[in-house]
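The values are calculated or read from the model by the stated rules, or taken from the named source; none is laboratory data. Just so it is clear, the model here is predicted, and its values are computed rather than measured. When we count neighbours, we look across all protein chains shown, and the Cβ atoms used for this are built from the backbone with ideal geometry, even at glycine.
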Amino acid sequence: MKRTRECKHPLACDASSTRAPLTRAPKTAPDASAASGEASEEASHERLFTLAPRPSPCRSPRHSCESVNGAQAHTYKMFTLRQVGCNARSMLGSLRQMSASAGPLVDVAVDNAGVATVTMQRLPVNSLNLDLLTEMNKTLDDLAKNKTRGMILTSASPTVFSAGLDIMEMYNPDFKRAETFWNTLQDVWLKLFGSGYPTAAAINGHAPAGGCLLALSCEYRVMATGKFTIGLNETALGIVAPTWFIDSMCNTISSREAEFALTTGRMFSVDEALKTGLIDETAADKAGTIEKCRGFIKKFERISPMARAATKQKIREIPLRKLMQNRQKDTEEFLNYLKNPMVQKGLEMYIASLKQKAKK
């Protein structure tokens, strides 16, 4: 991929961080049975729910779903209402313990309703490097294991939700680390986009590129008012957004609107994002965004968790399966992109421009 022009958005990537030592991240898919199609033996109170490919796509004015004929069915674990009712107290106890075990880059706070607020705190701008992604990956595993009632994703920064992928993970990289970095990002997306529990993003600042991807992976988005922007602006950096980035946007707004936004590298203002449907609500401040996210999750109190999760995964089945079946190819494309001398030259120029801005 060739660099087309210099990025004009100051938060598209972050080059201020330095590389930390390689942290090995899990490279397995979120559910091994989904990859093999075989049901593993589970405890008697659990059941396996098979999502078979639908013969025809769904059609709606603002959403489109791709049909994949002949693709193998995938198996997802669900938990029954009886299990939830019997284990409610122990679930809440396990969730509350997670706050104490949260890492330095991710904080987890669980309220009395069992809803976890996950706060990214790799300041100043929560650029997504391997260390932050590894902690997020583990946090998502813990939330699923402890049967969270819902999750709210937000930021400790007062002005930035997340500035996207850390450019230093891509500039003159160690390719073994780069592979682990990309695989961990894939894991985070699969677990967040395909989670069985309700998810909402409390966007309290700018959310370009990878920051926008995290928000789009959630089911509901509330953004703080102000001079903030959100969007997948990869083309502004001369980067082609991966298919699963594109699928995340097409799952949120119409394909036509997504195509125009992606090809132009458009960054939406808060009002534009609300009008387009990229976000669902606005709030005056961070506290307000979190409160409205809680209101969204509260809507499901009387809805069967099993039915809700199965319905969500049927809707999101095709994008999830697409990446799960093509993870190696997707990773190879990313690594080949990093090996391109023109790409590395473009990244070098971009880093230099950021350093020059920092001096002013």
- If we keep only residues of segment 190-209 that are touching a helix residue (DSSP H, G or I) at 6+ places or on another chain (Cβ under 6 Å) and in a helix (DSSP H, G or I), then the residue farthest from residue 161 (Cα to Cα) is 191
- When residue 260 is evaluated against the numbered criteria (1) surrounded by 18 or more Cβ atoms within 10 Å (Cβ to Cβ); (2) within 30 Å of residue 338 (Cβ to Cβ), which criterion, by number, is the only one it fails? (1)
- Kindly establish whether residue 278 is under 29 Å from residue 182 (Cβ atoms), in contact with a strand residue (DSSP E or B) (Cβ under 8 Å, 6 or more places away or on another chain) and surrounded by 14 or more Cβ atoms within 10 Å (Cβ to Cβ). yes
- Note on the structure: Across (1) out of contact with any Pro (no Cβ under 7 Å at 6 or more places or on another chain); (2) modelled with pLDDT of 95 or more; (3) not hydrophobic (A, V, I, L, M, F, W, C), residue 150 clears everything bar (1)
- Restrict the check to segment 295-302 and report whether at least one residue is farther than 24 Å from residue 224 by Cα and exposed (fewer than 15 other Cβ atoms within 10 Å of the Cβ). yes
- Message: From the list 288, 277, 295, exactly one residue is free of Cβ contacts under 8 Å to residues at least 12 places away in the same chain and within 30 Å of residue 113 (Cβ to Cβ). Which is it?
- Response: 295
- Message: Can you confirm whether residue 260 is out of contact with any strand residue (DSSP E or B) (no Cβ under 7 Å at 6 or more places or on another chain) and assigned to a helix (DSSP H, G or I)?
- Response: yes
- Please give the number of the condition residue 238 fails out of (1) at pLDDT below 95; (2) under 19 Å from residue 203 (Cα atoms); (3) not charged (D, E, K, R). (2)
- helices (runs of 4 or more DSSP H) completely within segment 265-360 that count 2 or more residues being in contact with a Lys or Arg (Cβ under 6 Å, 6 or more places away or on another chain): 341-359
- Note on the structure: Restricting attention to segment 161-176, the residues that are over 19 Å from the mean Cα position of the chain (by Cα), crowded, with 18+ Cβ neighbours inside 10 Å and in a helix (DSSP H, G or I) number exactly 1
